[in-house]
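Here the structure comes first, spelled out in structure tokens, and everything after it is commentary.
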Amino acid sequence: MGRAFEYRKARKFKRWGNMARVFTRLGKEITMAAKTGGADPDNNPRLRLLIQNARSENMPKDNVDRAIKRAFEKDTSDYKEIVYEGYAPHGIALVIETATDNHQRTVANIRSYFNKFGGSLGTQGMLDFMFVRKSVFRIAATPDMDLETLELELIDYGVDELYAEDDETIVIYADFQSFGAVQKYLEDRKYEIKNFQFERIPNDTKELSAEQRAEVDKLIEKIEEDEDVTNVFHNMKEPEEE
């Protein structure tokens, strides 16, 4: 297992602690998926996965239904996925994924956070070389599951790592472009997909002192409080790795 995967396993997600924020984020993603691929989850794999994510977060079915319906309302806000990139204090790279209906508002907010907390907003694509995008599935473990056999079968579908997160959950990392093939494999074989997400994993991490890490955390936490922000990825080495 590479350092990047160990980094992702060790990272503790502080964001989405607020349930309302979780539902807002999921609602936007469901709306965009329905707008792109249609309202029927049977014919829209991405939407099907997002609905499962909503269930795992205990998002009420009414909220899910409203998010799907919103995609087809004439006066609905036209959310778009926009990625922002920049550097936090001490040279830590940040990639920020947003879902916004107002780019000017979002970029102004993101820039203000960088300026306030000693960072600098850069240009889109400048940090692509520092991160690799992965599809990440979490599936329910079963008593008779053989992880080595499953991993060997999934290699042909673009999977490059699989491990037991705990006694109940198996985590699968695959190429970004392979999510559809992996999803189909898992669904065809009746594996229970608990949740799914795209992640940006740093190719290398940078170690900071506790004080320096606290400075970066302040910026990340401020960014994550923004309603338009769905994900923040960084290359800061976490203390769990030490």
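The values are calculated or read from the model by the stated rules, or taken from the named source; none is laboratory data. Everything numeric here is computed off the predicted structure, so don't read it as measured data. Counting neighbours? That spans all protein chains shown, and the Cβs are built from the backbone with ideal geometry, glycine included. When the accessible area is computed, the model is the full protein with side chains, heavy atoms only, and any ligands, DNA or RNA have been set aside. Shrake-Rupley method; radii C 1.70, N 1.55, O 1.52, S 1.80 Å.
Here are a few things to note about the model shown:
- Note: relative contact order over the chain, using C-alpha pairs below 8 Å and six or more positions apart, is 25 percent.
- For the chain: accessible area per residue (Å², 1.4 Å): 52 Å²
- Summarised as an ellipsoid, segment 136-209 has semi-axes of 23, 15, 11 Å, derived from the eigenvalues of the Cα gyration tensor scaled by 5 and square-rooted, with the largest first.
- Segment 23-102: equivalent-ellipsoid semi-axes (sqrt of 5 x gyration tensor eigenvalues, Cα, Å): 27, 15, 11
- Gyration tensor over alpha-carbon atoms, segment 89-135, equivalent ellipsoid semi-axes in Å: 19, 17, 8
- Helices meeting the span-like rule in the chain (full DSSP H runs, Cα extent of at least 18 Å along the helix axis, mean Kyte-Doolittle score of -1.0 or higher): 19-37, 210-224.
- Springs join every pair of Cα atoms under 10 Å in this Gaussian network model of the chain, and among 189, 133, 55 the largest mean-square fluctuation is at 189.
- Relative contact order (percent, whole number), segment 18-155, Cα cutoff 8 Å, 6+ residue spacing: 18 percent
- Kirkwood-Stokes translational diffusion coefficient of the chain, alpha-carbon pairs, 20 °C, 1.002 mPa s, µm²/s: 112 µm²/s
- Proximal charge balance of residue 168 [Cβ under 14 Å; K/R count +1, D/E count -1]: -2
- The chain - percent of accessible surface contributed by carbon and sulfur, probe 1.4 Å: 46 percent
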